[in-house]
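This report concerns only the one structure given below.
All of the numbers you see were taken from the coordinates with simple rules; none came from a lab. Quick caveat, the model's predicted, so the values are computed rather than measured. Glycine also receives a Cβ, built like all others from the backbone with ideal geometry; neighbour counts cover every protein chain displayed.
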Amino acid sequence: MIKIGVDEVGRGCLFGPVVSAAVILKDDVSHLGLTDSKKLSSKKRDFIYESLYKDNHIISVGLASPKEIDEINILQASLLSMKRAVLDLDIELGKNTPLFVDGLFKIPDMDPLIPQYPLVKGELKEACIAAASVVAKVYRDRLIDSMEAEYPGYGIKNHKGYPTKEHKLALSKLGPSTQHRTSFKGVSI
């Protein structure tokens, strides 16, 4: 049975977009050791990420920008990035294709014929959500790493935009960049 898993990363960051991934697993992936991406080493996440793409599972990524986060709030931006990821899947979704969403909330404004199942700690319950968790995490980490040269002095390659002591100190010295979420506590214009 085809089922979609979707998860996001970067909600607690002060810098960069929130990133979601939607994944449809084509076959059994129990050999990969999928779980919540936060419980995996960087090396293991990279291995799973590359394996998922190499094995041609159906994967899509959606983002919501810092500007969107500031305009509609982080929860709504997270749900928007999830919607973008699902809608960008390279497959025509049939009626009653189940969509497993990590967290408490359904994705707003989705096709009502696609049933949604929010699952708290879903990456521990559904392999497709765990796969989405890993894809979103690796994709966002690589994206943030690629932004280091454009936004020097913040140390974003070290903390990936999370509110570490190093990041807060850099913010106090440099002020926010165009990729900082100005609606977040600790970030000001």
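Figures for the structure shown
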{"read-out": "Label point distance in nm, LEU104-THR164, each placed 7 Å from Cα along Cα→Cβ", "value": "3.0"}
{"read-out": "Lysines with Cα under 16 Å of LYS44, excluding same-chain neighbours fewer than 8 positions away", "value": "LYS54, LYS137"}
{"read-out": "Qualifying lysines (Cα of each under 20 Å from Cα of LYS67; at least 8 residues distant if same chain)", "value": "LYS83, LYS160, LYS168, LYS185"}
{"read-out": "Separation between Cα centres of segment 16-42 and segment 132-189, rounded to whole Å", "value": "22"}
{"read-out": "Acute angle (nearest 10 degrees) that the helix 127-146 long axis makes with the longest principal axis of the chain, alpha-carbon atoms", "value": "30"}
{"read-out": "Loop-resident sites, segment 13-114, for chymotrypsin sites (Phe, Trp or Tyr not before Pro), counting at most 16 other Cβ within 10 Å (DSSP)", "value": "PHE105"}
{"read-out": "Angle between the chain longest axis and helix 42-54 axis [Cα atoms, degrees, rounded to 10]", "value": "40"}
{"read-out": "Percent of C-alpha pairs per 5 Å bin, segment 4-149, short to long", "value": "2, 11, 21, 24, 21, 13, 6, 2, 0, 0"}
{"read-out": "Over segment 102-189, relative contact order from alpha-carbon pairs under 8 Å, at least 6 apart, %", "value": "15"}
{"read-out": "Quarter of the Cα convex hull surface for segment 24-99, i.e. its orientation-mean projected area (nm²)", "value": "6.5"}
{"read-out": "Value of relative contact order over the chain, rounded to a whole percent, pairs C-alpha under 8 Å and six or more apart", "value": "31"}
{"read-out": "Amide proton proximity set for TYR117, modelled H, under 5 Å, gap of 5+", "value": "LEU99, PHE100, VAL101"}
{"read-out": "Relative contact order, percent, segment 1-67 [alpha-carbon distance under 8 Å, six or more residues apart]", "value": "42"}
{"read-out": "For the chain, the longest site-free run once GluC sites (Glu not before Pro) in DSSP loop states with at most 15 other Cβ atoms within 10 Å are removed", "value": "1-91"}
{"read-out": "Max mean-square fluctuation residue, GNM over the chain, Cα-Cα springs under 10 Å, options SER37, SER51, SER60", "value": "SER51"}
{"read-out": "Fraction of beta bridges assigned by DSSP in the chain that are antiparallel (%, nearest 5)", "value": "65"}
{"read-out": "DSSP-loop trypsin sites (Lys or Arg not before Pro) across segment 31-116, with at most 11 other Cβ within 10 angstrom", "value": "LYS95"}
{"read-out": "In order through segment 95-104: 3J(HN,Hα) via Karplus (6.51 cos²θ - 1.76 cosθ + 1.60), integer Hz, x for Gly, Pro", "value": "4, 6, 6, x, 10, 9, 10, 5, x, 8"}
